[in-house]
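A quick write-up on the structure given underneath.
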Amino acid sequence: MKPTIRTTSAAIAAVVAGGISSVFLGAAPASAATPACGATGALISGNICEQTFTSGTSTFTPTASMTKIEVLLVGAGGTGADQPVPSVGYAAAGGGGDVKVVDFSGTTSAMTVTVSTPGSSGTVTDGTTTATVASGADAFAGTGNPSAGGTPASGGASGNGKLGSTAFSGTGTGGGGGTGAATTTANGGAGVVVSSLVSGTSLFTADSNCYGGGGASGLAAAGLNPAVQGTSTCGGGAPSDGTSTSLTAPAANSGGGGGGIDVTQPLALRKGADGVVVIRWNAATVTLAFNADGHGTAPATQTIVAGTAPTKPADPTAQGFVFGGWFTDAALTTPADFSAGLTAPTTFFAKWTPALSATGVNVDPAVVPLSAGALIVGAGLLVLARRRRRES
């Protein structure tokens, strides 16, 4: 099987603000495990299941009900440069990790998942096909002013080759390249929104999360240099404020590059973020059939996501009978609960009662008034007879 791989486009140049989901903190979006998604998956919307991997190497085992499987892979970010040369006044940031969506539909083999860390790739393989994403490149610290024989600092390229900025460009700063765009300034290159990588039939069509932003760089005010504060999006690290004397680390599992400033910073703040792997598949479904017990017309069979509640249909009608509700058994002992989730194929049975008692006699509406009159006359004669007996 050859997977369909959708990668970032060079046309993506707009910097996407925000869009960092809870997955960057190592948690899946708000959802709950259901029978539709097995023991490890979560139903995130409609009929889409998801499992997120944020570290190490793990195994994902497809089931027969997973007829559609897609994988989002995000490479790790590159690390921002420390400033080893005093008073050089240069700073550079790391590049963002690569981002891909790969179609693994049809695979039945266990899939090995490895999450990317800075300097290493991320992979998903089923033993026959392997999909890989590269991490962003680390920034280069530089050795000094080129006019004095030194080499300027430069931002790292993204995992898919979008270049970072050379620090010796008038500002003394070099942002890291983003997965969606290169940069020529202190700002980090743009990352990429997942939905831009896929078609309308993809399980990731509605995913607005943004990954792989390049790290931003900055300069503290020193000598003739005014303070510079580069900005980043899609998880990239950056100077923490306008003075550029400290850094904010990239968002966890965003694939964002680490920031860089001309003040020595701890590796934990400069280091690129780990990547992430998100696997999505179609949820398992069950059917609900209706048995009308020979009266009226049964409602259409419903196909619903396993573990979710069915929709209560309109009550059926039948001439000469009154509908008495739906039951879970043919003996009509247990009423059906349309608010409870169904985990297996199910049939509901209709209860009916005759509209009139089964006497075998058809009553003509025309004789009803005559019958009532006869009863009244008869009652009067009985009263008169009793009165005469007492008088005698």
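Report, by residue number, each residue of the stretch 158-184 that is buried (at least 20 other Cβ atoms within 10 Å of the Cβ) and either among the β-branched types (Val, Ile, Thr) or not in a loop (DSSP other than H, G, I, E, B) (or both). Passing the criteria: Thr171, Thr173, Gly174, Thr179, Thr183.
Select, from Thr108, Thr123, Thr79, the only residue that is farther than 30 Å from Ala227 by Cα, part of a loop (DSSP other than H, G, I, E, B) and polar (S, T, N, Q). So the residue among Thr108, Thr123, Thr79 that is farther than 30 Å from Ala227 by Cα, part of a loop (DSSP other than H, G, I, E, B) and polar (S, T, N, Q) is Thr108.
Taken as a whole, the stretch 206-216 holds at least one residue that is within 30 Å of Ala283 (Cα to Cα) and not in a loop (DSSP other than H, G, I, E, B). Just one residue in the set Pro266, Pro250, Pro226, Pro239 is crowded, with 24+ Cβ neighbours inside 10 Å, farther than 15 Å from Gly156 by Cβ, assigned by TED's automatic domain parsing to the domain that holds Thr112 and not hydrophobic (A, V, I, L, M, F, W, C); that residue is Pro239.
Just one of the numbered conditions (1) part of a loop (DSSP other than H, G, I, E, B); (2) among the aliphatic types (A, V, I, L, M); (3) under 37 Å from the mean Cα position of the chain (by Cα); (4) at pLDDT 95 or above is not true of Ala330: (3).
Taking the listed residues Thr128, Thr132, Thr108, Thr143, the one that is touching a residue at least 12 places away in the same chain (Cβ under 8 Å), farther than 29 Å from Phe204 by Cβ and in the same structural domain as Gly215 (by TED's automatic domain parsing) is Thr143, with no other qualifying. Residues that are outside any loop (DSSP other than H, G, I, E, B) and either not β-branched (Val, Ile, Thr) or not assigned by TED's automatic domain parsing to the domain that holds Val228 (or both) were ranked within the stretch 92-105; the one that is surrounded by the most Cβ atoms within 10 Å (Cβ to Cβ) is Ala92. Residues in the stretch 304-327 that are at pLDDT 95 or above and among the aliphatic types (A, V, I, L, M) were compared, and the one that is nearest to Ala292 (Cα to Cα) is Ala318.
Right, Gly155: at pLDDT 85 or above and surrounded by fewer than 16 Cβ atoms within 10 Å (Cβ to Cβ) or not? Criteria not met by Gly155. Taking the stretch 203-223 as the range and being surrounded by fewer than 20 Cβ atoms within 10 Å (Cβ to Cβ) and modelled with pLDDT of 95 or more as the test, the residues that pass are Thr205, Ser208. The set of residues from the stretch 231-249 being in contact with a Leu (Cβ under 9 Å, 6 or more places away or on another chain) and either modelled with pLDDT under 95 or not β-branched (Val, Ile, Thr) (or both) comprises Gly237, Ala238, Pro239, Ser240, Ser244, Ser246, Leu247, Ala249.
Residues in the stretch 135-151 that are buried (at least 21 other Cβ atoms within 10 Å of the Cβ), farther than 21 Å from Thr231 by Cβ and of a type outside the set (Ser, Thr, Tyr): Ala141, Gly142.
The values are calculated or read from the model by the stated rules, or taken from the named source; none is laboratory data. Predicted model only: the values in this text are computed from it and were never measured. Positions of Cβ are backbone-derived with ideal geometry, glycine not excepted, and every protein chain shown enters the neighbour counts.
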